[in-house]
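Working notes, structure below.
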Amino acid sequence: MSKSTETVAERRNYLVTSVAEAKKITKIYLATFELDAAVALGLPEVDDRYHIWRIPLKKKGGQRGFIGEVVIDAYTSEVMMDRTTDTGLLEARLLGRTDDYIERTRVKPIYSVSKLRNAVGLGDCIELMAEMPSESVDLVFTSPPYYNARPQYGEYLEYEDYLLFMRKVIKEAARVLQEGKFFVINCSPVLVRRASRSESSQRIAVPFDLHRIFIEEGFDFVDDIIWVKPEGAGWATGRGRRFAADRNPMQYKAVPVTEYVLVFRKKSDLLIDWFIRNHPDRGTVQDSKVGDDYERSNIWRINPQTRSKHPAAFPLELAQKVIRYYSFKNDVVMDPFAGSGTVGIAAAALERRFVLLEIEPEYVALIKDSLLGGGMNPEQVIWINTEAPRAEPSLF
């Protein structure tokens, strides 16, 4: 009788080449912890992608359901403890006391207070965030650059490039944001104008694509707040003018007077109440309570910012509401697309710290003017890749 076909394990020159060998090693391992009498083995499988053997474990006595696995290095025959189910958990599952084991071994969370100071950084926000400590920010609030909304500050030729850039920003922001804290983003659909009269314009639903990215990057969706501007604010887009003139069916297009303020929370097993109960400064919690004039619904009527030198500034009132509702006093609020610094102005006025990141030098100059105009001492701010402004205008 001819020799059977060579196995994967033999072809890879593994030290552990058969099911029988994998089972033998597993039984010796279980006997070390006196679990061999209570645990039965499933069928071992070799995983040649990682050069390991996986041996499923189950209760003896014909009971269904696996309770763990033993993982063996195929080259050395050693049990890989970092990949093998913890023996304490195996015992708990055998005895039906899994909840007790989880409670006993769970690391008790501690409320972390950030040590960051006020900061203004000039440069690419992804690169700047990469230099920040993990979980050092309590709230992110921003309005990202538009995708081709206006030629003077639209810089992405392809929409997928824009979404890839935003994913990188969201991923890095998730790293610096503390567990269970909020990322609030102001965004809206954008209109890509038609190139010629023979083509149609295109309206891109940016908020819905960003929502998908947030979920994929480890956030829970909390709220969709609708920022309503005064009637007539959207006529500058040109949308709806044709229908207003002709009134023909199928030509109707609503004039946009709203934007989304989408609220996401970084995934956590800790409930929001935990952060309130465990905050180390009870006085700060009390002082941070929101007054009676809060927004009762998700419809916020706020006039847009029309006097800013930044082409896409959002109003101070919007920043103030978000900061009040989603952070405590002395928390760190970050805006990775700081623009003219509205978030920093609001944060400072509400006794929060701020981290403002902006790639355009001319807008960083606006931030400096805004902070000085608001009475901020430049020495209370860390200036990254840019000089600190003078507290007093120079005579020379």
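Only the coordinates and a few stated rules stand behind these numbers; no lab work does. Computed from a predicted model, the values in this text were never measured in an experiment. FYI the Cβ positions are ideal-geometry reconstructions off the backbone, even for glycines, and counts take in every protein chain you see.
Could you please rank H279, H211, placing first whichever residue has the fewest other Cβ atoms within 10 Å of its Cβ?
Placing the least packed residue first, the sequence is H279, H211.
Before anything else, pin down the relative contact order of segment 8-105: Cα pairs under 8 Å, at least 6 apart, normalised by residue count, whole percent.
Normalised by residue count, the contact order of segment 8-105 is 22 percent.
Test of understanding: in a Gaussian network model of the chain with alpha carbons linked when under 10 Å, which of M132, M166, M81 would top the mean-square fluctuation ranking?
Result: M81 has the largest fluctuation of those listed.
Tilt of helix 316-326 relative to the longest C-alpha principal axis of the chain, in degrees (0 to 90, nearest 10)?
30
Output the antiparallel fraction of DSSP beta bridges having both residues in the chain, as a percent to the nearest 5.
60
What is the order of F165, F275, F314, fewest Cβ neighbours within 10 Å to most?
Ranked by crowding around the Cβ, least crowded first: F165, F275, F314.
Specify the residue with the greatest mean-square fluctuation among P207, P249, P145, computed from a Gaussian network of the chain linking alpha-carbon atoms under 10 Å apart.
P249
Could you list K59, K321 in order of exposure, starting from the residue whose Cβ has the fewest other Cβ atoms within 10 Å?
With the sparsest Cβ surroundings first, the list reads K59, K321.
Subtract the Cα-Cα distance of M81 and E45 from 0.36 nm times their separation in residues, and report this length gain in nm to one decimal.
Between M81 and E45, full extension yields an extra 11.2 nm.
First obtain the Kirkwood hydrodynamic radius of the chain from its Cα pairs, then insert it into the Stokes-Einstein equation at 37 °C and 0.692 mPa s, and state the resulting D in µm² per second as a whole number.
128
Whole Å is fine, so just give me how far the alpha carbon centre of segment 56-123 lies from that of segment 257-310.
First find each Cα centre; the distance between them is then 35 Å.
Can you list, bin by bin at 10 Å, the percent of alpha carbon pairs in segment 269-362, starting at 0?
Over segment 269-362, the share of Cα pairs per 10 Å bin runs 14, 40, 33, 11, 1 percent.
Mind listing the long-range amide H neighbours of L57? Cut-off is under 5 Å, sequence gap 5 or more, other chains count too, H placed in the peptide plane at 1.01 Å from N.
G42, I67, G68, E69, V70
Of K115/K266; K27/K108; K171/K368; K24/K59; K115/K321, which ones are farther than 26 Å apart at the Cα?
Over 26 Å Cα-Cα: K27/K108; K171/K368.
Compute the whole-percent fraction of alpha carbon pairs in segment 8-105 spaced more than 15 Å apart.
Every Cα pair in segment 8-105 considered, those over 15 Å come to 59 percent.
Using a Gaussian network model on the chain with a 10 Å cutoff between Cα atoms, which of N248, N377, N13 fluctuates the most?
N13
Name the residues whose placed amide hydrogens come within less than 5 Å of the amide hydrogen of A74, ignoring near sequence neighbours (fewer than 5 apart) on the same chain.
I52, W53
For I382 and L164, compute 0.36 nm times the residue count separating them, minus their Cα-Cα distance, and round to one decimal in nm.
75.5 nm
If the cut-off is 12 Å between C-alpha atoms, which aspartates and glutamates fall inside it for K229, apart from same-chain ones fewer than 8 positions away?
Filter leaves E259.
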